[in-house]
Each structure stands twice: as structure tokens, then as C-alpha cells.
Amino acid sequence: MADRRRPRRSCLAVPGSSQKMIDKARGLPADQVFLDLEDACAPLAKPGARKTIVAALNEGGWEGKTRVVRVNDLTTEWTYRDVVEVVEGAGANLDCIMLPKVQTADQVAWLDLTLTQIEKTMGYEVGRIGIEAQIENAKGLVEVDAIATASPRIETIIFGPADFMASINMKSLVVGEQPTGYDVGDAYHYILMRILMAARATDVQAIDGPYLQIRDLDGFRRVTGRSAALGYDGKWVLHPGQIDACNELFSPRQQDYDHAENILDAYDWFTSEAGGKRGAAMLGDEMIDEASRKMALVVSAKGRAAGM
Ligand code: GLV
Ligand code: MG
């Protein structure tokens, strides 16, 4: 069975209709690439894009990257053909299908069953292909717990801020930035936390969506820093210039990684026979115990995954 916790600090969006951008994406240092059949593809371009995506996945060159295809949402007429064409054509070279604008657990169950049918028909390993569920409107957020547990294939819950802002009539046109007039906190805090709780409760990854001002790297860092600080696993990138900042912000800082490793070493020592089998001890001026160890394990795992 696939490892559902793949590195996803940076998830690069690539229009499935652009051969040029697909070719460029292969050489970029993003942890994940998703080839898009949804909003980045015009309706008339979608049939051709399905073929371009199948060929691009089968040609390879994606080593070290999680390979994902975003299909159209289930209120459209395109979804089933997207899934059947892409998975029949390139299911052996694909890690996950991303389903946008998920509103109910039934929609995830539909995708799970359809994937199983295709896997059986094609002789692929049943259950290997994962599902990424995008939460992009109020209905999806209200149903997020059921969505997160709707299939063992679920690997990530993704916040889709642009569609979400439109769906709740938020008074801002700049995705991720605070709406004018709301000066008492972060207007996204509840949504981000709600998604994070649903993801963590069922042990899947939480991913933040896009920042559309692609030339504003300071804005990208500010907005990305918020979800990274809460504990999100990664964020979308729309432009190569956002990738390095994204990878850095979703990796621990070197001093935090070193500190986490020191806590783990100290904990091992004071809970051992030689260290007196104690439950808590001091590391410099800091008291550390079992909870400190758990926090250190999170930082250490993220650091090791980032090659620190
Ligand atoms: C992404 O799909 C978004 O709507 O933000
Ligand atoms: Mg969207």
C-alpha cells in the first residue's frame, strides 16, 4: 500500500493544457505537481488536456515528486470522463486524484468506487491511488469531518481560498489577504483551523491553497507563514518563484530542528536505566517530559523529511 504521508511542502499547479508548462514543471524543486483539468483549463481545451496529461505522466521524469491530477468537480459533466481517461491511461504513473469543490462524503465515496473499478479492470493494485479533497465552499466546510473519513484513500484536505471567498461573499478580491473593514483578527483563522482539525483527527495532511499575487513574494511569505505556523503540511504554488520560499516555510528552522534533536537525545537518556528512568528532567533552563518529546518528534520528522 502507498505511503499516504508523502512530502507536500510545495504543491505546484500546472495547467493540463500547457505542454510547455508541464515540461518545465519536471525540473522544478516542488514536492508535488498537480496537472489541472479544472479551472486552469478552458472548457474546449479539456478533452485535449486529458490526452496531454496521460502522455506526460507515462513519459515520466517526475522522480521525487508526488504526481496528482485535478479533475473537474462533480457538479459538472466532465468528472467521470476525466477520471476514466486519466486513470485508465496513466493509473500506473499517478499517485492521487484531486477532487475540487467537494461538498459531501458521497462525492468522495463515488471517486473511491470508480477508482476501484478502474484499478480492477486495468490490473492495477487496488487502493493505491489516493484522493485529495478540496474544501472550497461553506457546504464542504460544514461536512469536512465526514469528507475526511469518507475513504481510506484520502491523503489530504485542501483549503481552496479563492472559491471559498466567493462562496461566502467575503469582501475581498485578493486571495489570502484580509478583507477591508475586518480589523479584529485573521478572517481565515476559523476556516484554516476547522480543516486542520478534520485532517489531524483522521491523520491526513492539511494543505493550504494558492496565493494569486505571484509577483508579491513578501505577501506570499506572510500568508504562507500563517498556515505553516498552525501546523499545515504544505501549500500550493502557482509560479516557480514561490517554490523555494514555500519549501523553506514548511520545513523547520535549523535551530528548531537542532533543538528538537537535543530534546529527543535528552529524553532518551533520562528515561533510560542509566539516566534514572525519570519522567521529566531539565535541558538547560527548560523542563522536558513526554509531551516535549511528542512536540520534538513532529519537528524532527519534518526536518528529516526535508533532508536536514
Ligand atoms: C483553488 O482552487 C481555490 O479556489 O483557491
Ligand atoms: Mg478552486
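Please treat every number below as a calculation from the coordinates, not as lab data. Here the structure is a predicted model, which is why all the values come from computation and not from measurement. Cβ placement follows ideal geometry from the backbone for every residue including glycine, while neighbour counts extend to all protein chains displayed.
Structure notes:
- 222 nm mean residue ellipticity, helices alone, for the chain (DSSP H n ≥ 4; -39,500 (n - 2.57); rounded to 500): -13500 deg cm²/dmol
- Where N is the number of residues in the stretch 1-148, Cα Rg divided by 2.2 N^0.38 Å: 0.98
- For the chain, a simple Cβ point-charge model (Lys and Arg +1, Asp and Glu -1, everything else neutral) yields a dipole of about 440 debye relative to the Cα centre.
- The chain: most fluctuating residue of Ala148, Ala266, Ala199 per GNM, C-alpha cutoff 10 Å: Ala266
- Figure legend: label point modelled 7 angstrom from the Cα of Asp39 along Cα→Cβ; residues of the stretch 152-176 with amide N under 18 Å from it are 157-176.
- Neighbour-count ranking [beta-carbon atoms within 10 angstrom, fewest first] of Leu111, Leu196: Leu196, Leu111
- Considering only alpha-carbon pairs that sit under 8 angstrom and 6 or more positions apart, the relative contact order computed for the chain is 14 percent.
- Here's how it looks for Leu12: its modeled amide H is under 5 Å from those of Gln32, Val33, Phe34, Val237, which are all 5 or more places away or on a different chain.
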